[in-house]
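The values are calculated or read from the model by the stated rules, or taken from the named source; none is laboratory data. It should be emphasised that the depicted structure is a prediction, and the values quoted were computed from it without experimental measurement. Backbone-built Cβ (ideal geometry, glycine too); neighbour counts: all protein chains shown.
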Amino acid sequence: MRCLRCGYCCFSLFVVIVDDPAKGIAEDNLKVKIGTNERCQHLRGSEPGKYSCAIHGESWYCKTPCASYGQTEASPDSSCRIGEFVLKKHEEHKKMLHESEER
């Protein structure tokens with residue numbers, strides 16, 4: 001699955017994350033990110049489609065629950081369906097705001 005950087009997972013999923021990236025994966029360095037619009041502390045950026053993860057490049061990232069997350073897709077190269085939906089809604093919202101400002 002190809003992540004579209006919409007931010008949905010980083011705001012909405014209940015997942016265990018690494019607390020201090022300098023310590024890496026260790027039992028005493030993990031915490032629960034509750035979800036329900038709690039922003040992950042490692043999420044960078046301010047707009048859907050442009051988000052990034054501050055720890056994505058760490059050598060241990062592949063062992064995290066975030067790296068394991070995926071959906072059943074036709075191909076590993078398929079775009080994330082949640083991301084496609086979120087980005088479409090984001091664009092519709094921006095268009096609506098733009099049109100209301102013009103009035």
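Taken over region 57-83, residues that are among the aromatic types (Phe, Trp, Tyr) and within 16 Å of the chain's Cα centre (by Cα) amount to 2.
Among the candidates VAL86, VAL16, the residue that is under 16 Å from the mean Cα position of the chain (by Cα), at pLDDT below 90, among the β-branched types (Val, Ile, Thr) and not in a loop (DSSP other than H, G, I, E, B) is uniquely VAL16.
For every residue, the table says whether it meets (1) of a type in the set (Val, Ile, Thr); (2) out of contact with any Leu (no Cβ under 9 Å at 6 or more places or on another chain); (3) surrounded by 11 or more Cβ atoms within 10 Å (Cβ to Cβ).
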site: ARG2; (1), (2), (3): no, yes, yes
site: ILE17; (1), (2), (3): yes, no, yes
site: GLY24; (1), (2), (3): no, yes, yes
site: ASP28; (1), (2), (3): no, yes, no
site: HIS90; (1), (2), (3): no, yes, yes
